[in-house]
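Report on the structure given below.
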Amino acid sequence: MASVRIRQAEEGDCGNILKLIRELAEYEKLSDQVKISEEALRADGFGENPFYCCLVAELLPAPGEPQGPCVVVGYGLYYFIYSTWKGRNVYLEDIYVKPEYRGQGIGSKIIKKVAEVALERGCSQLRLTVLDWNKGAMDLYKALGARDLTEAEGWHSFRFEEEAMRELAGK
C-alpha cells in the first residue's frame, strides 16, 4: 500500500475537491443539493479572506514506483466558528474518503490534522454533524473521542435556507 500524506489544499486542488464533494453528496443521497462550482471553491477558499480551509489526503507513489502526480483520495473542509460558552471552535463541514480507500486510517488522519490545526489556533472544540444513518462514521467519531450531542445533551441542528433568510431579512 502506498503511503498517504495529509496536507493543506492548494488552489489547484479545487477540481479534485469538487469531484469529492459530489461523491460525498451522492453517498449521502443528497446530490441534488450540490450547487457549488470549482470557481466558487477557488474564490471562497483561496481569496484574500478565505471562508474555509481544506485538507486533502493524497496517495504518494511507493518507493521504486514512477513519480507521477499524487492521487487525491479524500478531503476535510473546515472553518472557524465561535462559541459564546467556550470561545474559539473549529467546524468540520465535510470529511470524505473514497470508498476504496476507507478502513486504512485516512479519515482518522484528516480529523487528527484538523484537531492539530484547531489547537494551534486556540480552539477548545472541534464540531461536526453526521447523518443519522451513517453508523460507520458515528462509530469512528466516538472511537476518536467525540461526544454525540444529540444523545448526551439533546441538541438538534437547524438550517435556514436562502429563501427563508430573504424572508427574514425582508428582501
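The values are calculated or read from the model by the stated rules, or taken from the named source; none is laboratory data. Quantities reported herein were computed from a predicted structural model and do not represent experimental measurements. When we count neighbours, we look across all protein chains shown, and the Cβ atoms used for this are built from the backbone with ideal geometry, even at glycine. Just the protein is used for accessible areas: all its heavy atoms, side chains included, with ligands, DNA and RNA removed. Shrake-Rupley method; radii C 1.70, N 1.55, O 1.52, S 1.80 Å.
Restrict the check to the stretch 62-78 and report whether at least one residue is at pLDDT 95 or above and either polar (S, T, N, Q) or touching a His at 6+ places or on another chain (Cβ under 8 Å) (or both).
Of all residues in the stretch 62-78, those at pLDDT 95 or above come to 72-78.
Within this subset, residues satisfying the condition of being either polar (S, T, N, Q) or touching a His at 6+ places or on another chain (Cβ under 8 Å) (or both) are none.
Taking every residue of the stretch 62-78 in turn, none turns out to be at pLDDT 95 or above and either polar (S, T, N, Q) or touching a His at 6+ places or on another chain (Cβ under 8 Å) (or both).
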Quiz prompt | Residue, most open to solvent (accessible area, probe 1.4 Å), within the stretch 127-150, restricted to residues that are under 20 Å from Tyr82 (Cβ atoms), without any contact (Cβ under 8 Å) to a residue 40 or more places away in the chain and within 16 Å of the chain's Cα centre (by Cα) | solution = Thr129
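Kindly establish whether Tyr96 is open to solvent by less than 30 Å² (accessible area, probe 1.4 Å), of a type in the set (Phe, Trp, Tyr) and either touching an Asp or Glu at 6+ places or on another chain (Cβ under 7 Å) or in a strand (DSSP E or B) (or both).
Details: open to solvent by less than 30 Å² (accessible area, probe 1.4 Å): yes; of a type in the set (Phe, Trp, Tyr): yes; either touching an Asp or Glu at 6+ places or on another chain (Cβ under 7 Å) or in a strand (DSSP E or B) (or both): yes.
Judged against the criteria, Tyr96 is a match.
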Practice problem: For the stretch 44-66, indicate whether the set of residues that are assigned to a loop (DSSP other than H, G, I, E, B) and among the β-branched types (Val, Ile, Thr) is non-empty. | Solution: no
Exercise. With the checklist (1) hydrophobic (A, V, I, L, M, F, W, C); (2) open to solvent by 40 Å² or more (accessible area, probe 1.4 Å); (3) under 24 Å from Glu23 (Cα atoms) in hand, flag the one item Ile110 doesn't pass.
Key: (2)
Exercise. Quick one: in the stretch 151-167, of everything that is without any contact (Cβ under 8 Å) to a residue 24 or more places away in the chain and part of a loop (DSSP other than H, G, I, E, B), which residue is least open to solvent (accessible area, probe 1.4 Å)?
Key: Gly154
